[in-house]
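Student: Dumping the structure here so I can ask a few things about it.
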Amino acid sequence: MLMNPRSIILIVAIGLGSTCPVNAADLLVTQYKNDPSGAPYGIALEKGFFHNHSLDITGIISGAGGGSSVRNAMASDLGYGDVTAAPVIAAAEQGQDVKIVGITSRSLADLVLIVMPDSPIRTPADLKGKKFGISNPKSLGEMMGVLVMEKAGLKQGDVQMTALGSLSGALTALENGVVDATSIPVILFRTRGGESKYRVLVSPKDLPLIPSQLGMATGQAIKEWPEKLRAIQAARREGTKFIYEHTDEAIQILSKLYAPLPPKDVGIMVKELVEAKFWTEGRIEMPLLEQTVHAMKGVGMLQNDVDLKKIVDASFLPPDLQR
């Protein structure tokens, strides 16, 4: 029996759809509107950089963070996500088919380590014997605390890490004297009063150099639609360069993204992060990942070293960033 042309076209379309990702897709970025790590994606979306690379990104989904974001990125149409570094390394060590394809932020400058204004604590070394508030054990906040204390010459156990269930909970505990210090995202810090209410103990440019977030892709994405991964990396790179080269215009765009944070505060935050060289164009710096593994071991996420070369694939970055 002969089939009419319309039926043939429909069957072919269905067949193609079963092996390729949809043309239009959402991009998953952890804490997209609550953390500045994802700012280059917002710029890329607003300025049409994805479109310029023949990639139809319809929107950006904000991931919850941790292993949840990794799982959601793995299940997404693109098989890509901008997620926290540690859960990706942990997932790869557990046998999940994921790779690190780019580093998107190269320090923890999107967090602030704070105390109350009247606190006697003046340096991280003064935290010996004190309580440090974190959202949950093995969180990025705890890793930051461990690295800051280590740099100050303190040993594990010198500072009591106190889990409070959420970032807001850690901040409330600080305000009520339950803990002596905490680390929170800079956007939450500024939303809750910033320098008028708290005192920053360590400036952004002095925070540990480990990636707060990075680009992750599944084995399926790497094998079946590598051109989409290259387009994401290229568009995000353009977004990053735009922030550094056209900072004032970038602040105007990001002020809409981070509302209701006042534009003045967005401007201060972005300029501080530019000074700290927080965003990276994507280059995979192995020492940063090695420091992440070190921090993961410090909070009990890992027991042994990791062969990072096995879980890194720089081939989707622009050629000059692959070296």
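The values are calculated or read from the model by the stated rules, or taken from the named source; none is laboratory data. Given the structure is predicted, the values throughout are model-derived calculations rather than measurements. Every residue, glycine among them, receives a Cβ derived from its backbone with ideal geometry; neighbour counts consider all protein chains shown. Accessible surface is based on the protein model in full, side chains and every heavy atom, while ligands, DNA and RNA are left aside. Shrake-Rupley method; radii C 1.70, N 1.55, O 1.52, S 1.80 Å.
Student: Could you calculate the FRET efficiency of Ser54 with Glu275 from 1/(1 + (r/R0)^6), where r is the beta carbon distance between them and R0 is 51 Å, rounded to 0.05?
Tutor: 0.90
Student: What is the extension gain from Lys128 to Lys264, computed as 0.36 nm multiplied by their sequence separation minus the C-alpha to C-alpha distance, in nm to one decimal?
Tutor: So the chain would gain 45.4 nm between Lys128 and Lys264.
Student: If amide hydrogens are placed 1.01 Å from N in the peptide plane, which non-local residues have theirs closer than 5 Å to the one on Gly63?
Tutor: Here Val29, Thr30, Gln31, Tyr32 satisfy the definition.
Student: From the backbone phi of the stretch 236-252, what are the Karplus-calculated ³J(HN,Hα) couplings (6.51 cos²θ - 1.76 cosθ + 1.60, θ = phi - 60°) in whole Hz, Gly and Pro given as x?
Tutor: Couplings: 5, 4, 4, x, 5, 4, 4, 4, 6, 8, 9, 4, 5, 5, 4, 4, 4 Hz.
Student: Another one. Near Ile311, within a Cβ-to-Cβ distance under 14 Å, what is the net charge of the other residues, with Lys and Arg +1 and Asp and Glu -1?
Tutor: -3
Student: A further question on this structure: How much length would be gained if the chain were fully extended between Lys223 and Glu175, taking 0.36 nm per residue of separation minus their Cα-Cα distance, in nm to one decimal?
Tutor: Taking Lys223 through Glu175 to full extension adds about 12.3 nm, to one decimal.
Student: Something else now. Of His246, His53, which has the most accessible area and how do the rest follow, probe 1.4 Å?
Tutor: His246, His53
Student: Continuing with the same structure: For the stretch 163-231, what D do you get in µm² per second when you plug the Kirkwood radius from alpha-carbon pairs into Stokes-Einstein at 4 °C and 1.567 mPa s?
Tutor: 85
Student: Right, something else. If you roll a 1.4 angstrom probe over the protein chains with everything in place, what fraction of the accessible area of the chain belongs to carbon and sulfur, to the nearest %? Spell out each step's value before the answer.
Tutor: Numbers: 7720 of 14740 Å².
Taking all protein chains in place, the chain shows 52 percent carbon and sulfur surface.
Student: So, taking all protein chains as they sit and a 1.4 Å probe, how much accessible area belongs to Ile232, in Å² rounded to tens?
Tutor: The accessible area comes out at roughly 0 Å².
Student: Could you give the angle, 0 to 90 degrees to the nearest 10, between helix 5-17's Cα long axis and the longest principal axis of the Cα atoms of the chain?
Tutor: Orientation of helix 5-17: about 30 degrees from the principal axis.
Student: To the nearest 20 Debye, how big is the dipole of the chain about its Cα centre, given +1 on the beta carbon of each Lys and Arg and -1 on that of each Asp and Glu? If you can, show how the numbers build up before the last one.
Tutor: Details: 33 positive and 34 negative charges, 33 e Å.
About 160 debye.
Student: Bin all alpha-carbon pair distances of the chain at 10 Å intervals from 0 and give each bin's fraction as a whole percent.
Tutor: 6, 26, 33, 22, 9, 3, 1, 1, 0
Student: P(r) tail for the stretch 252-317, what percent of Cα pairs lie past 19 Å?
Tutor: 56
Student: Tally Lys and Arg at +1 and Asp and Glu at -1 over the other residues with C-beta under 15 Å from the C-beta of Tyr32: what net charge comes out?
Tutor: -2
Student: Let me ask something additional. Label-point separation (nm) for Asp307 and Arg192, each offset 7 Å from Cα along Cα-to-Cβ?
Tutor: Here the answer is 4.3 nm between the modelled labels.
Student: Taking H placed 1.01 Å from N in the peptide plane, check which residues at least 5 places from Met161 or on another chain put their amide H under 5 Å from its amide H.
Tutor: It is Phe132, by chain and number.
Student: Still on this structure, I have one more. With every protein chain kept in place and ligands, DNA and RNA left out, what is the accessible area per residue of the chain? Probe 1.4 Å, answer in Å². All intermediate terms of the calculation are to be shown ahead of the outcome.
Tutor: Values: 14740 Å² over 323 residues.
Roughly 46 Å² per residue, with all protein chains present.
Student: In nm, to one decimal, how far is the Ser166 label point from the Glu290 one, both placed 7 Å along Cα→Cβ?
Tutor: Distance between label points: 4.0 nm.
Student: A follow-up question, please. Just grab the label-to-label distance for Ala152 and Ser315, each label 7 Å out from Cα along the Cβ direction, in nm (one decimal).
Tutor: In this crude spin-label approximation the distance works out to 4.5 nm.
Student: Work out Dmax and Rg for the stretch 63-208 from the C-alpha atoms and quote the Rg first, both in angstrom.
Tutor: So, for the stretch 63-208, Rg and Dmax equal 16.2, 51 Å respectively.
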